[in-house]
Amino acid sequence: MARIIPLSEGSFTVDGTKSFVPFDEQQDSLKDRNSGSLLVEIQPFLVITDRDILLLDTGLGFRTADGVLQLHQNLINNGINPMEVTKVLMSHLHKDHAGGISVEDPVTGERSLSFPHATYYVNREELEYAFANDGKSYLKAEIDLLAKRDNVVITDGNGSIDGYIHHEMTGGHCPYHQVFLIDDGEDKVFFGGDVAPQISQMKSRFVAKYDYDGKRSMELRQEFMERGKAADWTFLFYHDTKLPTTKF
């Protein structure tokens, strides 16, 4: 039976500048933030199966006050040694999902992969697109090592990893976004990245202006919700401030 651990990095607001500003619901008010600001959680997930310790997306790459990568600290707080992660599955490479892919040495400035013993899985076209669009949403410096390391597997289109992790290229939120369904024979765990980011977006039909193809994303949310209902999927919500996981 799969064990699911949400690894929340906190709540943030984000606006057209693509800057993620920490948000404390006890003290902050959304109306005080820039016009058009969205409130989102940043929440990678750990899924532990009989075969793997899987990390789904890698957060913002922020450090704690002690200088530790927050993602590493969250794992340690849950009794997991970051070096034990076996696979890192990337839905896409926007900086709020890919910031923890690598870490910069504060002394030398050199970058290394944050999970050197894991195999990273990333879509080929998404990687190429990210390199070509370095700037607001994609930060090439953080993901550059993906093209240079042996422990990176490049995925194409739809397929499966070790026979039980299924990846499907969806587009929608960005042109080459992909989703993952982990089916270990007992549980089916679905990670939809930013085409299934929050339960409210699954339940309401609307076209989001922050999606590359908002109509496609809307259709995908409905499609995945119906497929998940029929097959008893557990959904993982990367951006939901209230509900990390659910079944429909």
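Brief remarks follow.
- Residues in segment 215-233 that are within 19 Å of residue 186 (Cα to Cα) and crowded, with 18+ Cβ neighbours inside 10 Å: 228, 233.
- Take the conditions (1) surrounded by fewer than 23 Cβ atoms within 10 Å (Cβ to Cβ); (2) touching a residue at least 40 places away in the same chain (Cβ under 8 Å); residue 44 misses just one of them, which is (1).
- Checked against (1) in contact (Cβ under 8 Å) with a residue 60 or more places away in the chain; (2) of a type outside the set (S, T, N, Q); (3) open to solvent by less than 70 Å² (accessible area, probe 1.4 Å), residue 51 passes all but a single condition, namely (3).
- Residue list for segment 100-110, restricted to those being in contact with a Gly (Cβ under 8 Å, 6 or more places away or on another chain) and assigned to a loop (DSSP other than H, G, I, E, B): 100, 101, 106
- Residue count, segment 15-47 (criterion: more than 30 Å from residue 76 (Cα to Cα) and either assigned to a loop (DSSP other than H, G, I, E, B) or of a type outside the set (A, V, I, L, M, F, W, C) (or both)): 11
- The single condition from (1) crowded, with 16+ Cβ neighbours inside 10 Å; (2) touching a His at 6+ places or on another chain (Cβ under 8 Å) that residue 190 fails is (2).
- Where residue 17 falls short, out of the listed (1) more than 26 Å from residue 126 (Cα to Cα); (2) loosely packed, with under 12 Cβ neighbours inside 10 Å; (3) at pLDDT below 95: (1)
- Qualifying residue in segment 149-161 (condition: more than 16 Å from the chain's Cα centre (by Cα), at pLDDT 95 or above, more than 30 Å from residue 208 (Cβ to Cβ) and charged (D, E, K, R)): yes
- Subset of segment 63-88 that is open to solvent by less than 60 Å² (accessible area, probe 1.4 Å) and of a type in the set (A, V, I, L, M) - its residue that is nearest to residue 151 (Cα to Cα): 88
- Listing of strands (runs of 3 or more DSSP E) fully contained in segment 111-225 that carry 1 or more residues being touching a strand residue (DSSP E or B) at 6+ places or on another chain (Cβ under 9 Å) and in contact (Cβ under 8 Å) with a residue 60 or more places away in the chain: 159-161, 165-169, 178-183, 188-191
- Answer residue from segment 106-140, given it is hydrophobic (A, V, I, L, M, F, W, C) and closer than 19 Å to residue 155 by Cβ and is most open to solvent (accessible area, probe 1.4 Å) among those: 132
- Some residue of segment 89-100 being of a type in the set (A, V, I, L, M) and surrounded by fewer than 16 Cβ atoms within 10 Å (Cβ to Cβ): no
- Only one of the numbered conditions (1) modelled with pLDDT under 95; (2) crowded, with 20+ Cβ neighbours inside 10 Å is violated by residue 29, and that is (2).
- Residues in segment 97-118 that are more than 22 Å from residue 19 (Cα to Cα) and polar (S, T, N, Q): 108, 112, 114.
The values are calculated or read from the model by the stated rules, or taken from the named source; none is laboratory data. These numbers were taken from a predicted model, which means no experiment stands behind them. Cβ coordinates were reconstructed from backbone atoms using ideal geometry, including for glycine residues, and neighbour counts include every protein chain displayed. To get the accessible areas, we keep the full protein, side chains included, count just its heavy atoms, and leave off ligands, DNA and RNA. Shrake-Rupley method; radii C 1.70, N 1.55, O 1.52, S 1.80 Å.
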